[in-house]
Structure formats: structure tokens, C-alpha cells
Amino acid sequence: MAVQINPSILSADFARLAEEAGAVGGPGGADWLHVDVMDNHFVPNLTLGVPVVESLARATDIPLDCHLMIEDPDRWAPRFVEAGAGSVTFHAEAAAAPVRLAREIRAKGARASMALKPATPIEPYEDLLPELDMVLIMTVEPGFGGQAFLDIMLPKIRRTRELIGKHGLDLWLQIDGGVADETIERCAEAGADVFVAGSAVYGAQDPAAAVRGLRAKAEQTIATAGRACAH
């Protein structure tokens, strides 16, 4: 499985989003840009919405991975696909009809992903996995960037990878929260292959180099663990 690094623009300069997107591009750079959408209801923070996603999609060739930390994703998720998102993640805790929503996202041409807060177990959603393209395990409480990684999420990452393997699914396993040089190896060993990194990338002097460094650490860990890493 291929390692992917998705820099989170939550940690970027919102006044210079087009430039910040360009700063993580190039060979070995970002696979996706992770766009955190928060409504100050589902999580205690307010960020950006559909118009900014539309503008960002026009400003960069890097595909957009929109993480909707909002109430009523059943209503709003399709609009983010229409705005230019290539992947849209809704929260299991917020979606009223997750199967229908995942199918609608896919029908509109984007990848469908489901996120779980730290306290939400993966097991009740086992039967839903074939409807998805990616599962996001939150490794911090959603709402703010810069939080410390929660080590207690590592067993949950492992269980999710086991369920993916059990059903023979080509399903990406993303983690978001506290991803940095000192944590990415543990997450890769546990089974993650898509990594959202905010301050570890945009807090670095050279964001593109930070992306390459994180990718190298994850790829080395996966190779050592004996899991296939495609390029």
C-alpha cells in the first residue's frame, strides 16, 4: 500500500492559501491537501466553507481532501464535491444515513470517507466498510490543530487495519492529529497509510522537505514491518 502525506491547511496561513498549497507541492510532495471544515457546532471551532474550497480547487493541482467536522453532513457533503473536493470525509457521529451519504459522494465522483472520534469504536461500522474508500481515525479530539497525539488510539488503528484485511478491501486508513516525526512511525506500524500533518509541515522552515521526511519515515516503517508499500 502506498504511503500518502496530506498536509492540513488548518495550520497554514489562511491569508495566503494558494501560496501555502504551492509550498507543499513538487516531486515527493503532498498527495492531497487536507481541508478541515468546522461549523462551531459539531466541534468548538469555526473554519472555512464551500466558497473557500471552490477557490482553493482553482488555485492548486493538488487534490483536496475535505474533512467535514460539521452537523448535517448528509446535506452539505455533496456540495463540497461540487466545489471541487476529490475526497469528502463525514463523521460517523454526525451522519444520519451514512450508507446513503457515502453512495451519493461516490456517485458525484469523489472518494467517500468516514471519520471516527477517539471514543467511537470501529466495530459497529464493520458492515459499512465496503461502502467507503477511506476510514479516518482521529488521533486527537477534533476541533483544533496542534494537539498532542493520543497513544491510546494505536490499538484502534490496528483493529481497523485487521477489519480491512478481513474483508479484503482496498480501503485507505487515514489518521489525523499529532502526526509528526516522533509519532508517524508508530502509526504506520499499527496499519495507517494516509497521514494528515498540520504543524509538522507548515511549522517547518521547508514544508515540502517536511512532507518528504514524513513520507520516508512511514515508508521505512512499513517496509520493515513487512507490509507492501507501492509507489
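Return yes when Gly146 is surrounded by fewer than 19 Cβ atoms within 10 Å (Cβ to Cβ) and not in a helix (DSSP H, G or I) and no when it is not.
Criteria met by Gly146.
Can you tell me which residue within the stretch 164-177, out of those that are surrounded by 18 or more Cβ atoms within 10 Å (Cβ to Cβ) and modelled with pLDDT of 95 or more, is farthest from Glu123 (Cα to Cα)?
Asp176
Let's see how each residue does on (1) polar (S, T, N, Q); (2) buried (at least 19 other Cβ atoms within 10 Å of the Cβ); (3) in contact with a Gly (Cβ under 7 Å, 6 or more places away or on another chain):
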{"position": "Thr89", "(1), (2), (3)": "yes, yes, no"}
{"position": "Ala96", "(1), (2), (3)": "no, no, no"}
{"position": "Leu101", "(1), (2), (3)": "no, yes, no"}
{"position": "Ser113", "(1), (2), (3)": "yes, yes, no"}
{"position": "Asp127", "(1), (2), (3)": "no, no, no"}
{"position": "Glu131", "(1), (2), (3)": "no, no, no"}
{"position": "Ile137", "(1), (2), (3)": "no, yes, no"}
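Yes or no, residue by residue, for (1) under 28 Å from Ala190 (Cβ atoms); (2) of a type in the set (Val, Ile, Thr); (3) touching a helix residue (DSSP H, G or I) at 6+ places or on another chain (Cβ under 7 Å); (4) free of Cβ contacts under 8 Å to residues at least 40 places away in the same chain:
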position	(1), (2), (3), (4)
Ala21	no, no, yes, no
Ala30	yes, no, yes, no
Met38	yes, no, no, no
Val43	yes, yes, no, no
Thr60	no, yes, yes, no
Glu71	no, no, no, yes
Phe90	yes, no, yes, yes
Arg100	no, no, no, yes
Glu104	no, no, yes, yes
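Picking from Glu141, Glu126, which residue would you name as being outside any helix (DSSP H, G or I) and of a type in the set (Asp, Glu)?
Unique residue meeting the criteria: Glu141.
Out of the stretch 170-214, which residues are over 16 Å from the mean Cα position of the chain (by Cα), closer than 15 Å to Gln147 by Cα and of a type in the set (Gly, Ala, Ser)?
Of everything in the stretch 170-214, just one residue is over 16 Å from the mean Cα position of the chain (by Cα), closer than 15 Å to Gln147 by Cα and of a type in the set (Gly, Ala, Ser), namely Gly203.
Kindly check whether there is at least one residue in the stretch 184-193 that is surrounded by fewer than 21 Cβ atoms within 10 Å (Cβ to Cβ), under 20 Å from Ala2 (Cβ atoms) and either of a type in the set (Val, Ile, Thr) or touching a Leu at 6+ places or on another chain (Cβ under 9 Å) (or both).
So far as the stretch 184-193 goes, yes, one or more of its residues are surrounded by fewer than 21 Cβ atoms within 10 Å (Cβ to Cβ), under 20 Å from Ala2 (Cβ atoms) and either of a type in the set (Val, Ile, Thr) or touching a Leu at 6+ places or on another chain (Cβ under 9 Å) (or both).
Tell me which residues, restricted to the stretch 19-49, are outside any loop (DSSP other than H, G, I, E, B), within 19 Å of Ala83 (Cα to Cα) and either out of contact with any Asp or Glu (no Cβ under 8 Å at 6 or more places or on another chain) or at pLDDT 95 or above (or both).
Ala21, Leu33, His34, Val35, Asp36, Val37, Met38
Just the residues that are assigned to a loop (DSSP other than H, G, I, E, B), under 22 Å from Ile164 (Cα atoms) and not basic (Lys, Arg), please, taken from the stretch 108-123.
Matches in the stretch 108-123: Ala110, Pro118, Ala119, Thr120, Pro121, Ile122.
Which residues, counting only those in the stretch 29-88, are in contact with a Ser or Thr (Cβ under 7 Å, 6 or more places away or on another chain) and among the small types (Gly, Ala, Ser)?
Ser87
May I ask you to verify whether Ile5 is closer than 30 Å to Gly165 by Cβ, hydrophobic (A, V, I, L, M, F, W, C) and in a loop (DSSP other than H, G, I, E, B)?
no
Considering each of Ala223, Ala192, Ala208 in turn, give the residue that is assigned to a helix (DSSP H, G or I), more than 21 Å from Glu20 (Cβ to Cβ) and not aromatic (Phe, Trp, Tyr).
Ala223
Within the stretch 56-107, work out how many residues are assigned to a loop (DSSP other than H, G, I, E, B) and under 27 Å from Gly29 (Cα atoms).
So the answer is 7.
The values are calculated or read from the model by the stated rules, or taken from the named source; none is laboratory data. All values derive from a computational prediction rather than experimental measurement. Using ideal geometry, Cβ is built from the backbone for each residue, glycine included, and neighbour counts are taken over all protein chains shown.
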